[in-house]
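The values are calculated or read from the model by the stated rules, or taken from the named source; none is laboratory data. If you're wondering where the values come from, they're calculated on a predicted model, not measured in any experiment. Using ideal geometry, Cβ is built from the backbone for each residue, glycine included, and neighbour counts are taken over all protein chains shown.
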Amino acid sequence: MSDQSSPNESPVVIQTEQLTMHYRRCEALRGVDLQIRAGTVFAILGENGAGKTSLIRILTGFQTPTAGTCRVNGLDPLTQGDQVRRLIGYVPDAPPLYGWMTVEQIGSFTASFYWPEYRDRFNQSIAQYKVDPKQKIKYLSKGQRAKVALSLAVSHDPELLILDEPTSGLDPKVRREFLESMIDRAAAGRTVFLSSHQIAEVERVADCVAILHDGVIVMSGSIDEIRSAITRVVVDFDDPHVALPELPPPARVLVDERERTGRRWFVRDFDPEMVDLIRHSPGVLDVRVHPATLEEVFVACTTGNATEVVTS
């Protein structure tokens, strides 16, 4: 995978090749390949323990991978961690904030590492989120702490913003405003790398999605590519013991769910011409075909027989 881009493509901001992370009792990442270009909101979805946080820690230089390579803006986070961290804003799932500081003090402290505009931007962000600058961090609610962490991460206008479950604890209105600001950042040429389990939010704001399952990227691509890759097929029949036909390759049933009067399949690479094959099977009453939602794709890829990768 090359990091060279054509004149019509934006530069590659994140690139990993065969990235592997082995812990004593598990393989958190198993050969992860990613290529993320500037000006996009890229979301990674996965269950708890899928390897999302390990990937983010490697990208930010806080974790040494077992094997493989990783580049952020062409820099190696392991050997050039300080340079990488100057380019990024990072909000972990549980931001480590100094509880004894006030909101105003933590903003001033962080501003000392950046240029003068940082403090004004931080104060504007805090005011927008309606957080009391005189309040001590330890007395803030979880949602208010999240707002402070987000403000700290974006006030230096980073080229790359890395977010691990960023909207956790935010009320719906603030969550919506924040997610809209991520779209604005991408429109301005900045890049957002987002880890979330809020699939509806991801579907609303992400340009591209990767589904990480058991340390492997089982599917990745644009939202449209992801949705079109899997089809929901509902088959009604009058005999619960009817034998449905095998679908010809490359179609592959990832999930086969029995219902009271039929079956529901989630099928990879389904061809519409296969509807007649199913409909003419003995005992079949009806066949209905629908494009899968992102949530259904996620469930199919993390519970079914999904082993191949779709790339954009």
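Taking the listed residues I217, I223, I162, the one that is more than 20 Å from E17 (Cα to Cα) and of a type in the set (V, I, T) is I223, with no other qualifying.
Say we look at region 102-137 and pick out the residues that are assigned to a loop (DSSP other than H, G, I, E, B) and either buried (at least 17 other Cβ atoms within 10 Å of the Cβ) or at positive phi (or both); which of these is modelled with the lowest pLDDT? Quick ask: steps written out before the conclusion?
Quick first cut of region 102-137, residues assigned to a loop (DSSP other than H, G, I, E, B) only: 112-116, 129-135.
So of that shortlist, the ones also either buried (at least 17 other Cβ atoms within 10 Å of the Cβ) or at positive phi (or both) come out as 129-131.
Numbers: Y129: 87, K130: 90, V131: 94.
So the residue we want is Y129.
Do any strands (runs of 3 or more DSSP E) entirely within region 178-238 hold 3 or more residues that are under 11 Å from the mean Cα position of the chain (by Cα), and if so, which? Walk me through it before giving the result.
Details: elements: 191-195, 208-213, 216-222, 230-237.
Where strands (runs of 3 or more DSSP E) fall fully within region 178-238 and carry at least 3 residues being under 11 Å from the mean Cα position of the chain (by Cα), they are 191-195, 208-213.
Somewhere in region 75-86, is a residue in contact with a Cys (Cβ under 8 Å, 6 or more places away or on another chain), of a type in the set (D, E) and closer than 28 Å to A50 by Cα? Looking for residues that are in contact with a Cys (Cβ under 8 Å, 6 or more places away or on another chain), of a type in the set (D, E) and closer than 28 Å to A50 by Cα, one finds at least one in region 75-86, hence yes.
Of the strands (runs of 3 or more DSSP E) lying entirely inside region 1-80, those containing at least 1 residues that are on the phi > 0 side of the Ramachandran plot are 12-22, 27-37, 67-72.
I'm trying to understand the selection: among the residues of region 183-195, which are buried (at least 22 other Cβ atoms within 10 Å of the Cβ) and either within 20 Å of V131 (Cα to Cα) or small (G, A, S) (or both)? Working first, answer last.
Filtering region 183-195 for residues buried (at least 22 other Cβ atoms within 10 Å of the Cβ) gives 191-195.
Residue satisfying the conditions is S195 alone.
Within region 264-271, at least one residue is buried (at least 19 other Cβ atoms within 10 Å of the Cβ) and either in contact with a Gly (Cβ under 7 Å, 6 or more places away or on another chain) or of a type in the set (G, A, S) (or both).
Within region 50-75, which residues are buried (at least 19 other Cβ atoms within 10 Å of the Cβ), of a type in the set (S, T, Y) and at pLDDT 95 or above? Correct list: empty.
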